[in-house]
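Working notes, beginning with the structure itself.
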Amino acid sequence: MPGYWAAPKAPTTEAAANAMAANSSRRMPRVIIIGVRKGGTRALLEMLNLHPDIEVARSEIHFFNLDENYERGFGWYLAQMPLSLPYQLTVEKTPGYFASPKAPARIYDMNSSIRLLLIVRDPAERLISDYTQVLYNRKERRKPFQSLEQLVLRKGKLNTNYKAIQRSLYDVHLTNWLRFFSLGQIHIVDGDVLIQDPFSEVEKVERFLKLRPRILRSNFYFNQTKGFYCLNTEGREKCLDESKGRPHPAVNRSILRKLCDYFSEHNERFYKMVGRTFSWCGNNSRV
Ligand SMILES: Nc1ncnc2c1ncn2[C@@H]1O[C@H](COP(=O)(O)OS(=O)(=O)O)[C@@H](OP(=O)(O)O)[C@H]1O
């Protein structure tokens with residue numbers, strides 16, 4: 001049974017431990033994974049954490065998107081960061097930042113030259129994943145729940161006010177970020193590829209962050225039981241927890257078609273903004 005991806009990086013000798021303690025402190029993030037929600041942000045964070053020059057904040061901080069946290073100030077934010085060494089990059093991930101209208105300006109005010117990682121995924125698949133998470137949470141708490149069809153359709157028409165639809169309009173949200181940051185500061189990770197071939201996407205992030213190439217293809221192995229890639233570090237196998245990679249409910253094809261039709265214009269706009277295309281709602285996608 002593999003463990004979960006949470007092992008802190010431990011020094012191997014006493015001298016190394018002492019040197020580490022002397023230099024280690026909490027540092028502001030120089031890289032933020034801003035979203036998208038259900039794009040594969042946790043997998044990306046944990047994969048990057050394999051790198052010796054990266055330290056990650058384990059929990060989502062929700063500093064720039066939630067007023068009550070932002071009002072606690074930068075001292076509070078810093079206290080949420082992991083201990084790191086001077087040469088290491090601190091990375092935090094909060095998928096809620098991407099669709100937050102306030103987050104871009106606030107992050108810019110903190111550090112206008114910060115590097116941002118945005119992991120995107122087929123918007124219809126993302127929506128279903130978003131719905132599935134809420135469904136599981138409600139079932140667990142024995143709360144009533146609606147079918148995806150009930151939420152997505154109103155009188156036979158697409159309910160475009162549904163939050164999960166809104167969150168899949170990547171062009172709309174990215175426009176807010178490009179008011180503050182250049183595209184060169186934002187690296188887009190293909191979340192669908194991250195599922196199929198994680199190493200290829202992580203390698204690109206290493207290059208974007210100008211890190212020494214330290215993550216290896218052999219750090220990833222496909223776990224048949226999990227149905228996803230898991231990590232292999234120093235002989236230890238680790239998978240994401242059971243809330244990641246849940247089976248999705250079957251969705252009626254006509255609804256998927258409606259969603260894809262609605263998303264297609266937004267997708268095209270997003271492709272133009274980022275200067276590349278993705279095979280969303282196409283032949284290669286599950287949708
Ligand atoms: N290696 C690996 N293992 C497990 N899951 C993986 C992996 N790589 C990507 N994913 C996909 O990540 C999806 C969850 O995305 P997030 O971590 O961004 O979700 S969240 O917004 O933080 O709740 C999650 O969505 P669901 O499949 O709907 O659970 C996964 O499809």
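The values are calculated or read from the model by the stated rules, or taken from the named source; none is laboratory data. Not measured: the values here are computed from a predicted model. Don't worry about glycine lacking a Cβ; one is built from the backbone with ideal geometry, like all the others, and counts go over all protein chains shown.
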Residue count, region 187-220, condition within 22 Å of SER279 (Cα to Cα) and either surrounded by 17 or more Cβ atoms within 10 Å (Cβ to Cβ) or within 12 Å of the ligand (Cβ to nearest atom) (or both), comes to 16
So ARG236 clears everything in (1) over 27 Å from ASN137 (Cβ atoms); (2) modelled with pLDDT under 95; (3) within 14 Å of the ligand (Cβ to nearest atom) except one condition, right? Which one? (3)
Please go through region 61-81 and give me each residue that is crowded, with 19+ Cβ neighbours inside 10 Å and touching a Ser or Thr at 6+ places or on another chain (Cβ under 6 Å), ordered by number. ILE61, ASN65, MET81
Test set (1) of a type outside the set (Asp, Glu); (2) touching a Phe, Trp or Tyr at 6+ places or on another chain (Cβ under 9 Å); (3) crowded, with 17+ Cβ neighbours inside 10 Å - SER84 fails condition number: (2)
Whichever residue in region 116-134 is in contact with a Phe, Trp or Tyr (Cβ under 7 Å, 6 or more places away or on another chain) and within 20 Å of LEU45 (Cβ to Cβ) and, among such residues, is surrounded by the fewest Cβ atoms within 10 Å (Cβ to Cβ): LEU116
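Table: residues versus (1) modelled with pLDDT of 95 or more; (2) under 24 Å from LYS210 (Cα atoms); (3) out of contact with any helix residue (DSSP H, G or I) (no Cβ under 8 Å at 6 or more places or on another chain); (4) of a type in the set (Phe, Trp, Tyr).
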position: PRO2; (1), (2), (3), (4): no, no, yes, no
position: LEU44; (1), (2), (3), (4): yes, yes, no, no
position: PRO52; (1), (2), (3), (4): yes, yes, yes, no
position: ILE61; (1), (2), (3), (4): yes, no, no, no
position: TRP76; (1), (2), (3), (4): yes, no, no, yes
position: SER112; (1), (2), (3), (4): yes, yes, yes, no
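Residues are listed down the side, and each one gets a yes or a no for (1) over 30 Å from LEU153 (Cβ atoms); (2) touching a residue at least 24 places away in the same chain (Cβ under 8 Å); (3) touching a Phe, Trp or Tyr at 6+ places or on another chain (Cβ under 9 Å):
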| residue | (1), (2), (3) |
| --- | --- |
| PRO213 | yes, no, no |
| ARG217 | yes, no, yes |
| GLN224 | yes, no, no |
| TYR229 | yes, yes, yes |
| ASN252 | no, yes, no |
| LEU259 | no, yes, no |
| TRP280 | no, yes, yes |
